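The values are calculated or read from the model by the stated rules, or taken from the named source; none is laboratory data. Since the model is a prediction, treat every value here as computed from it, not as a measurement. Cβ: placed from backbone, ideal geometry, glycine included. Neighbour counts: every protein chain shown. With ligands, DNA and RNA removed, areas are computed over all heavy atoms of the protein, side chains included. Shrake-Rupley method; radii C 1.70, N 1.55, O 1.52, S 1.80 Å.
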Amino acid sequence: MQQINSRNKLTVKIFEKRKNIFYQNEIVILRYLNENDFAIKNDYFVKYKNLDYNENMFSIPDEIRKENLKFLFFENLSKLSLCDYITFYKEKTKEIHAKYLCYKILCAIEKLRTINILHNKLDDTSYIMLDDDFNIKIIHFCEAKRINNNNNKFNNDLFKLAILLLKLVSFKKIKSINYNKNDNKYEIIGTNEMRTKSNKLNKGIEDSQFWERLKKEDNINVSEQFLKFIHILVKAKKEEKIVDIKNLLNHEWLIY
């Protein structure tokens with residue numbers, strides 16, 4: 001929602017009482033990000049504004065319960081989220097666009113690591129917003145965590161990035177991923193639309209079979225380099241050591 005009666009437009013996030021625990025976590029993370037703004041330059045994250053709500057700012061929508069509300073104010077994000085572009089514009093993301101987004105998000109993950117923050121929800125296309133110049137802005141830090149340095153839980157953001165990329169290039173026909181450690185393979189959990197076509201997708205289907213179906217049914221093709229890169233991101237979740245972001249940024253899929 002945008003603030004009104006102001007020369008400067010802002011975006012506001014409203015928490016109802018039952019969501020106050022998420023508000024408390026997010027405001028702690030956002031303030032920590034702001035305190036470290038100089039170090040991370042805040043190129044990739046929504047900028048938090050330390051403001052208090054007053055009734056002259058805007059009207060509360062009728063569908064929101066008005067007791068014990070909490071508000072967070074951010075810079076204005078005039079463009080849509082990745083989810084909006086896929087859903088409303090019916091745009092299929094080309095691999096070259098996925099590369100650009102992946103590069104930016106990897107840089108964001110690397111910067112979050114420098115201040116020991118795990119975002120934890122990068123698989124959701126709704127949480128990647130775009131500013132006036134279509135630069136990415138990561139939002140939704142209410143499920144983020146501050147963890148100790150050199151903790152392999154940082155790799156979870158890479159696993160979530162894999163799901164995000166698969167959603168983008170498959171036109172959101174992927175819901176999640178299971179990694180089969182014994183066979184060193186990942187299995188794809190399809191969305192309800194895909195499940196109506198094959199009961200196998202209820203438990204997961206081997207990735208090669210999934211892409212064969214997408215190629216046949218939706219004319220969606222992906223490169224071998226892309227799939228190799230996805231494998232690395234998926235396996236990161238099970239790695240005992242933190243995966244080096246710099247090595248990922250130099251992967252053949254991203255640089256060619």
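So here's what we get for this one:
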item: Some residue of region 89-112 being touching a Lys or Arg at 6+ places or on another chain (Cβ under 9 Å) and at pLDDT 90 or above; result: yes
item: Which numbered condition residue 147 misses (of (1) modelled with pLDDT under 95; (2) farther than 24 Å from residue 72 by Cα); result: (2)
item: Selection count where residues are under 22 Å from residue 151 (Cα atoms) and without any contact (Cβ under 8 Å) to a residue 40 or more places away in the chain, scope region 93-118; result: 2
item: Candidate set from region 71-107 (those that are of a type in the set (Asp, Glu) and either touching a strand residue (DSSP E or B) at 6+ places or on another chain (Cβ under 6 Å) or open to solvent by less than 90 Å² (accessible area, probe 1.4 Å) (or both)); member that is farthest from residue 230 (Cα to Cα); result: 75
item: Among (1) at negative phi; (2) open to solvent by 30 Å² or more (accessible area, probe 1.4 Å); (3) in a loop (DSSP other than H, G, I, E, B) - the single one residue 134 does not satisfy; result: (1)
item: Residues (part of a loop (DSSP other than H, G, I, E, B) and either over 14 Å from residue 46 (Cβ atoms) or among the aliphatic types (A, V, I, L, M) (or both)) located in region 137-147; result: 139, 143, 144, 147
item: Residue within region 117-124 that is polar (S, T, N, Q) and open to solvent by 50 Å² or more (accessible area, probe 1.4 Å) present; result: no
item: Residue tally, condition β-branched (Val, Ile, Thr), part of a helix (DSSP H, G or I), more than 13 Å from the chain's Cα centre (by Cα) and within 24 Å of residue 23 (Cα to Cα), over region 69-124; result: 1
item: Count of region 175-217 residues which are at pLDDT below 65 and closer than 19 Å to residue 230 by Cβ; result: 2
item: Count of region 47-70 residues which are buried (at least 16 other Cβ atoms within 10 Å of the Cβ) and either free of Cβ contacts under 8 Å to residues at least 12 places away in the same chain or touching a Lys or Arg at 6+ places or on another chain (Cβ under 9 Å) (or both); result: 5
item: Residue tally, condition hydroxyl-bearing (Ser, Thr, Tyr) and farther than 18 Å from residue 237 by Cα, over region 158-178; result: 1
item: Options 150, 156: the member that is open to solvent by 10 Å² or more (accessible area, probe 1.4 Å) and in a helix (DSSP H, G or I); result: 156
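Results for (1) in contact with a strand residue (DSSP E or B) (Cβ under 6 Å, 6 or more places away or on another chain); (2) among the polar types (S, T, N, Q); (3) part of a loop (DSSP other than H, G, I, E, B); (4) buried (at least 16 other Cβ atoms within 10 Å of the Cβ), shown as yes or no for each residue.
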residue	(1), (2), (3), (4)
162	no, no, no, yes
168	no, no, no, yes
178	yes, yes, no, no
182	no, yes, yes, no
